[in-house]
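What follows is a set of notes on a single structure, which appears directly below.
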Amino acid sequence: MTASIPATAPDTAKLLAHLAAQPVLADRLGGSPAQWSIHEIGDGNVNLVFAVRGPAGAVCVKQAPPFVRVAGPKWPLTPQRVLFEHRALTEHRRHAPLYVPEPLHVDAGEHLLAVEYLEGHTVLRGGLVAGARYPHFAEQAARYLAHTLFFTSDLALPAGSKRELAALFETNTAMCQIMENMVFTEIFLPHPRNRWTSPELDKDVHALRQDTEAKIAVSRLKSRYLSSRDALLHGDLHTGSIMVSASSIAVIDQEFACYGPMGFDLGSLLAHLLIAYFAAGAHGGDRSAQQDWLLSTVEQIWGGFRTHFTDLWHTHATGDAYPPALFTGTAQAALETERQRYLDNLFTDTVGFCGAEIIRRVIGFARPADFTTITDPARRATAERRALALARTLLTAPTSHRTAADLTTTAQDS
Ligand code: SR1
Ligand code: MG
């Protein structure tokens, strides 16, 4: 991001006083507030994030200003977003406790959320930009996705519980609107928030604005995002929303959580791994081993997700969709065929959403550090143009990608 951070000095003394009044936080930090330290550590676009340390431990505190952090007060945004994040953390942690941090405290009035401090973890995107690989990441991400999406869907939840849960997220309107505008609409228009590598990509951006086939395809996906209530999504699952260590991952930043199409989360994560793949080729030095790992990670995430999701459907089909009572005896084979058709359709959705997310990260407001840290504009534009070429193909021809290997082959050929 090149936008400047507004000069709003956070009132850290007030924040510490608030934390001190919460026994769960005061106990975790230990000692007295005079012994606590507080540092702003956030690098995201939307909120302030603080590391608070005491003699006994640390907590991570997120504070939502009533505007978008990197834009300042000229872009107001509801500070109630921390409530939706807390709800999603709580729900997703029930289903994937190994991969979702513990929420410790939320305060609607102060617009702050405290979660466990993830000692020894760094933001995945930062690691990828530095050239790192994480051998366990694909398996952990696949399990996280399978568990959070399956257990919040109609395959696992009785209809009444599912509707009640979905209703808790139905009014995360302001955050969903950001996605509706930024992912599916603004980038195809001459919107003032759009940014790209100019003048190198000017013609590409102009071509996209005239690209009716792409606009139909992205509008079809927007309609899915607006109308689907398939599962509780993270809603913004990029590599800046995942903390990693050598052996574990923790998925953070659930403020965009909503019920929606499962392919939105899957496609977003794959998009950012592919963005890292293209960027790695332009950072300088030999990054071929990392690039191979990134493509293999894309394939392993989809493959692992498909396996785990199918297994859960076999073992935990406690929801009202596909009632097991209808599929006894020989009908079980037909149900198995239907499961595979369901997952094939989900992959088609995933491919399309992946394309949409890549495009908006090349020419939209929230450009990722993978690209923006490439200092040579010509090299950056080459990487971004390859990403755009892949993205357009995914967006307009999702069904010609039947497997994750098809997807990575198209990436290599782009
Ligand atoms: C207001 S900017 C919104 C984007 O930045 C965040 O990092 C999210 O990814 C979101 O899409
Ligand atoms: Mg975020």
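Worth a mention:
- Only a single item in (1) more than 30 Å from ALA146 (Cβ to Cβ); (2) more than 15 Å from ligand 1 (Cβ to nearest atom) is not met by LEU98, and it is number (1).
- Checked against (1) within 30 Å of PHE371 (Cβ to Cβ); (2) open to solvent by 60 Å² or more (accessible area, probe 1.4 Å), VAL129 meets all criteria but (2).
- The strands (runs of 3 or more DSSP E) located wholly in segment 1-104 that include 2 or more residues which are within 16 Å of ligand 2 (Cβ to nearest atom) and crowded, with 19+ Cβ neighbours inside 10 Å occupy 48-53, 58-63.
- Every pair of residues 6+ apart whose Cβ atoms lie under 8 Å, when the first sits in segment 123-136 and is among the hydrophobic types (A, V, I, L, M, F, W, C) while the second is part of a strand (DSSP E or B): VAL123/ILE242; VAL123/MET243; VAL123/VAL244; LEU124/ILE242; LEU124/MET243; LEU124/VAL244; LEU124/ILE249
- ARG402 being open to solvent by 50 Å² or more (accessible area, probe 1.4 Å) and either over 22 Å from GLN300 (Cβ atoms) or polar (S, T, N, Q) (or both): no
- As for segment 364-386, it holds at least one residue that is surrounded by fewer than 21 Cβ atoms within 10 Å (Cβ to Cβ), of a type in the set (Ser, Thr, Tyr) and without any contact (Cβ under 8 Å) to a residue 24 or more places away in the chain.
- Checked against (1) of a type in the set (Phe, Trp, Tyr); (2) closer than 30 Å to ARG53 by Cα; (3) open to solvent by less than 30 Å² (accessible area, probe 1.4 Å), PHE169 passes all but condition (2).
The values are calculated or read from the model by the stated rules, or taken from the named source; none is laboratory data. Only a predicted model underlies this, so the values are computations on that prediction, with no experimental measurement involved. So basically every Cβ, Gly included, is an ideal-geometry build from the backbone, and we count neighbours across all protein chains shown. Side chains included, ligands, DNA and RNA excluded: accessible areas come from the protein's heavy atoms. Shrake-Rupley method; radii C 1.70, N 1.55, O 1.52, S 1.80 Å.
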